[in-house]
Amino acid sequence: MSRRLSVDVAIIGGGLVGSSAALALRGMGFSVALLDKGFCGAQASGVNYGGVRRQGRPVEQLPLSQRAHAIWPRLKALIGIDGEFLRSGHLKLARGDADMAALEAYADAVAEQGLDLELIGHNGLRERFGWIGDDVVGASFCAGDGHANPRLVSIGFAAAARRAGVEVLENTAVDDVTRDGEGFALEAANNLSLRARFVINSAGAWAGPFAESFGEPVPLSRIYPSMIVTEPMDQVMSVNIGMEGGGIYARQVERGNVVVGGERALPLADADFSRPRGDGAIAIMNNAAALFPGLRHAQAIRFWSGTEGAMPDRNPVIGPSGTTPGLIHAFGFTGAGFQIAPGVGEVLAELVRDGETQTPIAAFSIGRFKQDSARTDAGSGAGQNQEPHNAGELRP
């Protein structure tokens, strides 16, 4: 039998961005439907590394990151669980002088953003973090950053949204969205027809076709991060670890397991899914053991991968559609959406309620890709059908 539903806001994608937006909108009194083609939080939001960090983000993301930073300590009150959030601090390591110079330049660039970064030399590292190998020349430390359990947090927001009265519709893929009069008409799986005044496109790696259907194609690609978790161990590391320039990232949870990432998985024939590489898993652990001697005899007990949407300039798309009133985009977080997602959810709710937000998001406009394409066309004399210009190579 067919089902018809009418709400103020329909959200496509039940990851952490979509579910946090749903919860915030319910708090404002809106009726909301949250639709996911699978299970809420089962894609990038639930399988990522779990770093809750501001350090290392592009400067334009920091106001949004700071907004989210204030939400994480309130998870228990907000969604009923703390998500194993731990403000451990985030230590970003430099393997050479060039990396250390980059950390110093970043600290200078964000000095007014409230991160309170502390630059630490080789001798200081040895004194304070003796479990790090000798090959590291220095680091930048952000004491207010930390980590959490993404599997708990992602489903925690969706569960809280359901308790708040959101219509959570899992295994309900959206087949079609059209602008219809003063709102939108959506057709979805299970013979669902839905009408909404607003639509939020937070479909992650699957958001591109929805944007393109409204005349806003974007250079959205997919990445497949791969992680490993070890057996529970005595304390090996006391902070969340990253590397300048990419590579290994690692954290140890309270029960002793160490989560390590830094390699990419292989997409399967169905590009929605991926498979961790055996040689990649070995490479991750060998690289981690070289940096952290305490991991040399660690037993890896599980490894996994996920599918994430990525933008070429490392910044997400967040904000109103440039072509369609009532449509709002939020996708393409390029492996760095976990920490900022709760802040993004609040911003999306404000855009629905007020049509604007006090948090700066202009840098994330979907229109930036149309502008890049226009500049490329003007410079080359190419026609209007040229592919959008990619602003840069995706960093690992």
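When the solvent-accessible area of the range 18-85 is split by element, carbon and sulfur atoms take up 57 percent of it, the probe being 1.4 Å.
Cut-off under 29 Å on the C-alpha distance; same-chain residues fewer than 8 positions from LYS92 excluded. Which lysines are left, in chain and number order? Filter leaves LYS76.
Of the whole protein surface, ARG264 contributes about 80 Å² of accessible area at a 1.4 Å probe radius.
Under 16 Å of direct C-alpha separation, and excluding same-chain neighbours fewer than eight residues apart, LYS370 reaches these aspartates and glutamates: GLU212, GLU216, ASP313, GLU387.
Rounded to the nearest Hz, the phi-derived 3J(HN,Hα) couplings of the range 159-164 under the Karplus curve 6.51 cos²θ - 1.76 cosθ + 1.60 (θ = phi - 60°) are 5, 5, 5, 4, 4, 7, where x marks glycine and proline. Think of a 1.4 Å ball rolled over the protein heavy atoms: the range 45-85 then has 36 Å² of accessible area per residue.
Of all alpha-carbon pairs in the range 1-127, indicate the percentage at a distance above 23 angstrom.
51 percent
Using the Cβ-Cβ distance between ASP135 and GLU254 with R0 = 35 Å, the FRET efficiency computed as 1/(1 + (r/R0)^6) comes to roughly 0.80. With the helix formula -39500 (n - 2.57) applied to DSSP H stretches of n ≥ 4, the chain reaches a computed 222 nm mean residue ellipticity of -8500 deg cm²/dmol. Measure nothing but the geometry: give the 0 to 90° angle between the long axis through the Cα atoms of 341-354 and the longest principal axis through the Cα atoms of the chain, rounded to 10°. Taking the Cα atoms of the chain, the angle to 341-354 is about 30 degrees.
Check the straight Cα-Cα distances from LYS37 and name the aspartates and glutamates below 12 Å, setting aside those fewer than 8 residues away within the same chain. Those aspartates and glutamates meeting the cut-off are GLU170, ASP175, ASP272. Antiparallel versus total DSSP beta bridges in the chain: what percent is that, nearest 5? Just about 65 percent of them are antiparallel.
With bins 5 Å wide beginning at 0, the percent of Cα pairs of the range 298-370 falling in each bin runs 3, 14, 24, 22, 14, 8, 5, 3, 4, 2, 1. Summary value for the range 77-141: 45 percent relative contact order, contacts being C-alpha pairs under 8 angstrom separated by 6+ residues. Per residue, the range 176-285 exposes an accessible area of 42 Å² to a 1.4 Å probe, with every protein chain left in place.
Over the range 196-252, the pair-distance histogram of Cα-Cα distances with 10 Å bins from zero comes to 16, 29, 21, 21, 12, 1 percent, rounded to whole numbers. Within the full protein context, the accessible area of GLU356 is estimated at about 110 Å² for a probe radius of 1.4 Å. Between the residues GLY14, GLY83, VAL110, the greatest Cα displacement towards the positive end of the dipole of the range 1-138, with unit charges on the Cβ of Lys, Arg, Asp and Glu, is found for GLY14. Between helix 97-109 and the chain there is an angle of about 50 degrees, using the helix long axis and the longest principal axis of the Cα atoms. The ellipsoid equivalent to the alpha-carbon distribution of the chain has semi-axes of 36, 24, 20 angstrom, derived from the gyration tensor eigenvalues as √(5λ) and listed largest first. Averaged over residues, the count of other Cβ atoms within 10 Å places the peptides 88-94, 280-286 in the sequence 88-94, 280-286, highest first.
Peptide packing: for 123-133, 189-199, 51-61, the average count of neighbouring Cβ atoms within 10 Å per residue gives the ranking 51-61, 189-199, 123-133, highest mean first.
The values are calculated or read from the model by the stated rules, or taken from the named source; none is laboratory data. Not measured: the values here are computed from a predicted model. Positions of Cβ are generated from backbone atoms using ideal geometry, with glycine treated the same way; all protein chains shown enter the neighbour counts. These accessible areas exclude ligands, DNA and RNA; they are computed on the full protein's heavy atoms, side chains included. Shrake-Rupley method; radii C 1.70, N 1.55, O 1.52, S 1.80 Å.
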